[in-house]
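Undergrad: Here it is, the structure, as structure tokens.
Any read-out appearing in this document is the output of simple, stated calculations on the displayed coordinates, not a laboratory observation. Computed from a predicted structure; not experimentally measured. Ideal geometry is used to build each Cβ from the backbone, glycine not excepted, and the neighbour counts take in all protein chains shown.
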Amino acid sequence: MAMAAHTVTPTVTPPMTTDVLTLSQLLSPSFPVGAFAYSHGLETAINEGAISDAESLRAWMSDLLESGGARCDAVLLNAAYASDDPAIDATARAFAASSERLMETDLQGAAFCDTVQAVWGQSLGRLCYPVAVGRLAAILDLDVELTTALYLQAFISNLTAAAMRLVPLGQVDGQKTQVALKPRCVQIAAQLCGTTLDDLYNTAWLSDIAAMRHETQYSRIFRS
């Protein structure tokens, strides 16, 4: 008895899935921007006792998402996505609260731009990290809200990894911290979609002070 031929219907990968895979590569810890070397002032906050467990770490990073460096980066990313105005990168540099914060965004951005040039053949110049991510997302036509959410998740993931070494924080608590903050990354990405430099502000002063104090900390593991 002849068997009926099985017809395979070609499938097309949805654009959003392609975006997720591309962004997962760009924002992966394996992408050579050297993010593992920076703690965004977290090292000093832990050294001085402001962060001592998973709960205080979540509270600290929630402030960064709501009103600190993470939010600033998200605004800059969105501004750079909408425009290639050089004033956006200049503002990002001027808005860095300390020399280490400027080094952090400048050197990670430079490494990101160099790798993008080598892999994708896209010349971005030398841009601060969130500005570079926003510009490339626009060039590759990636969804800006998704880009912002994954950028924030990578930001939180990197600081969690630093805290796991410094507090010390167990791996399970580290994963629970990221799970707890993931909804905020999504919500903030939606809230900040389409924002401009007019929406840029920072009121997480303790984080800024910690970053400044880190510059003169006697014993350090991280560069910021």
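Undergrad: Whole percent per 10 Å bin, from 0 to the bin with the longest distance: what is P(r) over all C-alpha pairs of the chain?
TA: Reading the bins upward from 0: 8, 33, 35, 15, 4, 3, 2, 1, 0.
Undergrad: Just add up the charged neighbours of Val20: K/R +1, D/E -1, any other residue whose Cβ is under 13 Å from the Cβ of Val20.
TA: Numbers: positive: none; negative: Asp19, Asp143, Glu145.
Every neighbour counted, the sum reads -3.
Undergrad: Still on this model: Hey, what's the Kirkwood Rh for segment 90-148 if you take every pair of different alpha carbons, in angstrom?
TA: Numbers: mean 1/r = 0.0850 Å⁻¹.
Across segment 90-148, the inverse of the average 1/r is 11.8 Å.
Undergrad: Please report the relative contact order for segment 42-214, taking Cα pairs under 8 Å with a sequence separation of at least 6, and give it as a percent rounded to a whole number.
TA: Values: 219 pairs, mean separation 70.6, N = 173.
In percent, rounded to a whole number, it is 41.
Undergrad: I need the peptides 180-186, 158-164 ranked by packing, meaning the mean over residues of other C-beta atoms within 10 angstrom, with the highest value on top. Write out the running numbers ahead of the final one.
TA: On the way: 180-186: 17.7, 158-164: 21.7.
Output ranking for 180-186, 158-164: 158-164, 180-186.
Undergrad: Neighbour counts of other C-beta atoms within 10 Å: give me Asp199, Asp173 arranged from fewest to most. Each step should come with its number before you reach the end.
TA: Working: Asp199 16, Asp173 19.
Ordered by Cβ neighbours within 10 Å, fewest first: Asp199, Asp173.
Undergrad: Please state the relative contact order of segment 115-207 as a whole percent: Cα pairs under 8 Å, 6+ residues apart? Provide the component values of the computation, followed by the final result.
TA: Values: 40 pairs, mean separation 21.2, N = 93.
Value for segment 115-207: 23 percent.
Undergrad: With springs only between Cα atoms under 10 Å apart, run a GNM on the chain and tell me which of Tyr38, Tyr129, Tyr201 wobbles the most.
TA: Comparing Tyr38, Tyr129, Tyr201 in a Gaussian network model of the chain, the most mobile one is Tyr201.
Undergrad: Helix-only mean residue ellipticity at 222 nm, the chain, DSSP H runs n ≥ 4 weighted -39,500 (n - 2.57), per residue, nearest 500. What is it? If you can, show how the numbers build up before the last one.
TA: Values: 10 runs with 142 residues, N = 224.
It lands at -20500 deg cm²/dmol.
Undergrad: Follow-up question, since we're still on this one. If a paramagnetic tag sat 7 Å from the Cα of Arg220 along the Cα-Cβ line, which residues of segment 66-100 would have the backbone N under 12 Å from that point?
TA: 98-100
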